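Below you'll find the structure, written out as structure tokens, and then a few comments.
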Amino acid sequence: MFLETKNLTKKFGGLVAVNDVDFSIEKGKINAIIGPNGAGKSTFFNLISGFHPPSSGQVIFKGKDITRLPSNKIAELGVARTFQTTNLFDQATVLDNVIVGHRLRTKSNLVDAIFRTKRLKAEEKQCREKAIEVLEFVGLTSAAYKLAGSMSQEEKKRVAFALALATDPEIVFLDEPAAGVNPDETEGLAALMEKMVSAGITVCLIEHKMQMIMKLADKIMVLNYGEKIAEGTPKEIRNNEMVIKAYLGG
Ligand code: ADP
Ligand code: MG
């Protein structure tokens, strides 16, 4: 399996936010995680991407145990993620936001930074080229020199994708990539996720927009109170009694 979690569990004090979750992701597919607010979806992403250590369980990526690796190491291995809210520097350009976001993940140390070593300059050039490349991929070339603060919600979502793509990931975890955007824009973002898959990147997303998920996803996992209550194709999920009760509300 490309990426899998085994018995993944996260407790915050007495609260079990993610409870014993086994999930496997096939390469080249679009995977979706759905579930009510507070179900543990974002926490699940935080465990996979190394932002929180799990209480127990494992994350295996391409056969390697990546549980408890620091988040930058996990990113280096090819696992990227976006956040539910995209924090950008509003007063900087979109391009600079992507360059800075990317630089935070590269390797120059303080000595390089102070003495502006050759390595640093080469890295700066590489980061800039990469930022221009990923902005083109997400359809923001013409917005590159606009201030991030002037971007629409949908454009900010595209910037978040660009930030994730700048690390050359093999798999991206997208936390509510279409939240707060209109139906037309949602279709555009869905097309962008399909474009990622065409470029060889495996996608896993958290989303509430059921219509989009049912069209887009190859496989869906449903979380409720931290537990996996169902898993399957969109058709299987749509017809699952437990899912209908817990989530689809009827
Ligand atoms: P979802 O993304 O499905 O809406 P979350 O993963 O954000 O849910 O949250 C799951 C549960 O874990 C919630 O009850 C939330 O309050 C709790 N939780 C999330 N992060 C933390 C944290 N850092 N500390 C304490 N509790 C948290
Ligand atoms: Mg969340």
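The values are calculated or read from the model by the stated rules, or taken from the named source; none is laboratory data. Owing to the predicted nature of the structure, the values given are computational and were not obtained by experimental measurement. Don't worry about glycine lacking a Cβ; one is built from the backbone with ideal geometry, like all the others, and counts go over all protein chains shown.
A few notes on this one:
- Of everything in the range 171-206 that is among the hydroxyl-bearing types (S, T, Y) and over 18 Å from F61 (Cβ atoms), the residue that is farthest from ligand 1 (Cβ to nearest atom) is S198.
- Neighbours by Cβ (under 9 Å, 6+ apart or cross-chain): first from the range 36-51, at negative phi; second within 6 Å of ligand 1 (Cβ to nearest atom) and among the basic types (K, R): none
- Neighbours by Cβ (under 7 Å, 6+ apart or cross-chain): first from the range 53-75, on the phi > 0 side of the Ramachandran plot and in contact (Cβ under 8 Å) with a residue 24 or more places away in the chain; second buried (at least 18 other Cβ atoms within 10 Å of the Cβ) and of a type outside the set (S, T, N, Q): G57/L8
- Restricting F83, F44 to residues that are in a helix (DSSP H, G or I) and within 16 Å of ligand 2 (Cβ to nearest atom) narrows the list to F44.
- One residue from K73, K27 being within 25 Å of D218 (Cα to Cα) and more than 12 Å from ligand 1 (Cβ to nearest atom): K27
- Within the option set G50, G35, G13, being out of contact with any helix residue (DSSP H, G or I) (no Cβ under 7 Å at 6 or more places or on another chain) and over 26 Å from K195 (Cβ atoms) holds for one residue only, G13.
- Annotation note: of I201, I244, the sole residue that is within 18 Å of E133 (Cα to Cα) and assigned by TED's automatic domain parsing to the domain that holds S42 is I201.
- Among the candidates A32, A80, residue that is of a type in the set (G, A, S), touching a residue at least 60 places away in the same chain (Cβ under 8 Å) and touching a Pro at 6+ places or on another chain (Cβ under 8 Å): A80
- Residues in the range 192-215 that are within 16 Å of ligand 2 (Cβ to nearest atom) and basic (K, R): K209 alone.
- The condition (being assigned by TED's automatic domain parsing to the domain that holds V18, at pLDDT 95 or above and farther than 26 Å from L165 by Cα) is satisfied by just one residue among E231, E194, E185: E231.
- Enumeration of residues in the range 204-233 that are free of Cβ contacts under 8 Å to residues at least 40 places away in the same chain, under 18 Å from A191 (Cα atoms) and either in contact with a Ser or Thr (Cβ under 7 Å, 6 or more places away or on another chain) or not aliphatic (A, V, I, L, M) (or both): K209, Q211, M212, K215
- Residue list for the range 207-245, restricted to those being among the hydrophobic types (A, V, I, L, M, F, W, C), within 16 Å of ligand 1 (Cβ to nearest atom) and under 20 Å from the mean Cα position of the chain (by Cα): M210, I213, I220, M221, V222, L223
- For beta carbons closer than 7 Å, sequence separation of 6+ or different chains, a first residue in the range 107-133 that is at pLDDT below 75 and a second that is part of a helix (DSSP H, G or I), the qualifying pairs are S108/R119; S108/L120; S108/E123; D112/R119; D112/L120; A113/L120.
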